[in-house]
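Student: Sharing a structure below in structure tokens format, with a few things to ask.
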Amino acid sequence: VNAAYAPTGHLILSDSVNHRLLNLAPHGAQGFDRTVIPIKLGLTPSTPTDVEFDSAGNMYVGAVNFVEKFAPDGSGGYGAGQILFQAGNGSFYDGLAVDANGNIFLTDLGQYKLLEVSPDGSGGWNQTVIAGGLNYPRDVDIDSVGDLFVADQGNNRVVEYKQIGRAH
């Protein structure tokens, strides 16, 4: 299970075991109200492995073999999704992060690497390998200055990749 805070302050969980996203809404001192987010991922099988939000409130859902983007619908929910790209053979996406420029970072368990996927300006996507040689990379996150942190589970470490001076 991975989680991210939506711009509304709700905690969104990717529940890969039950193939769904959960919305945990704050409920005062009582804790959280839990509801299933009524979206259907575009490909099957659809196993959400991670969820993230960009500064515009768009929700990105990483699944085993694709990433899908959902725009807010104005009523607190989400419209139809748009599949941004699909994984190649042997890839298995697990961790997902989105930076301020709309670049998507993915951990690929099947290929033991960290990927950056960025818009190519013509509606497509460029894919760049940032790091190989990882051993079961489980998740990736970005800090406020753009440094990446990867949970490299098989090597029992967190790896930091400095983004200072790197062109995006």
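Student: Can you run down the residue pairs with Cβ atoms below 7 Å, 6 or more apart or on separate chains, where the first is in the stretch 22-41 and within 24 Å of ILE83 (Cα to Cα) and assigned to a loop (DSSP other than H, G, I, E, B) and the partner is of a type in the set (D, E, K, R) and at pLDDT 65 or above?
Tutor: LEU41/GLU68
Student: Mind checking which residues of the stretch 105-149 are among the aliphatic types (A, V, I, L, M) and more than 13 Å from SER91 (Cα to Cα)?
Tutor: Passing the criteria: VAL117, ILE130, ALA131, LEU134, VAL140, ILE142, VAL145, LEU148.
Student: Within the set of pairs 6 or more residues apart or between chains, which connect a residue that is touching a residue at least 24 places away in the same chain (Cβ under 8 Å) and assigned to a loop (DSSP other than H, G, I, E, B) inside the stretch 81-99 to a residue that is charged (D, E, K, R) and open to solvent by less than 30 Å² (accessible area, probe 1.4 Å) with Cβ atoms less than 8 Å apart?
Tutor: SER91/ASP108; PHE92/ASP108
Residue-wise test of (1) modelled with pLDDT of 90 or more; (2) touching a strand residue (DSSP E or B) at 6+ places or on another chain (Cβ under 7 Å); (3) surrounded by 12 or more Cβ atoms within 10 Å (Cβ to Cβ).
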{"site": "GLY102", "(1), (2), (3)": "no, yes, yes"}
{"site": "GLY110", "(1), (2), (3)": "no, no, yes"}
{"site": "LEU114", "(1), (2), (3)": "yes, yes, yes"}
{"site": "GLY121", "(1), (2), (3)": "no, no, no"}
{"site": "THR128", "(1), (2), (3)": "no, yes, no"}
{"site": "ILE142", "(1), (2), (3)": "yes, yes, yes"}
{"site": "LEU148", "(1), (2), (3)": "yes, yes, yes"}
{"site": "GLN153", "(1), (2), (3)": "yes, yes, yes"}
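Student: Residues of the stretch 50-69 being surrounded by 19 or more Cβ atoms within 10 Å (Cβ to Cβ) and out of contact with any strand residue (DSSP E or B) (no Cβ under 7 Å at 6 or more places or on another chain), which ones?
Tutor: Across the stretch 50-69, there are no qualifying residues.
Student: Name, by its number, the condition in (1) under 19 Å from ASN103 (Cα atoms); (2) open to solvent by less than 80 Å² (accessible area, probe 1.4 Å); (3) in a loop (DSSP other than H, G, I, E, B); (4) at pLDDT 80 or above that does not hold for GLY133.
Tutor: Unmet for GLY133, out of (1) under 19 Å from ASN103 (Cα atoms); (2) open to solvent by less than 80 Å² (accessible area, probe 1.4 Å); (3) in a loop (DSSP other than H, G, I, E, B); (4) at pLDDT 80 or above: (1).
The values are calculated or read from the model by the stated rules, or taken from the named source; none is laboratory data. Owing to the predicted nature of the structure, the values given are computational and were not obtained by experimental measurement. Methodologically, a virtual Cβ is constructed for each residue, glycine included, from the backbone with ideal geometry; neighbour enumeration extends over all protein chains shown. Just the protein is used for accessible areas: all its heavy atoms, side chains included, with ligands, DNA and RNA removed. Shrake-Rupley method; radii C 1.70, N 1.55, O 1.52, S 1.80 Å.
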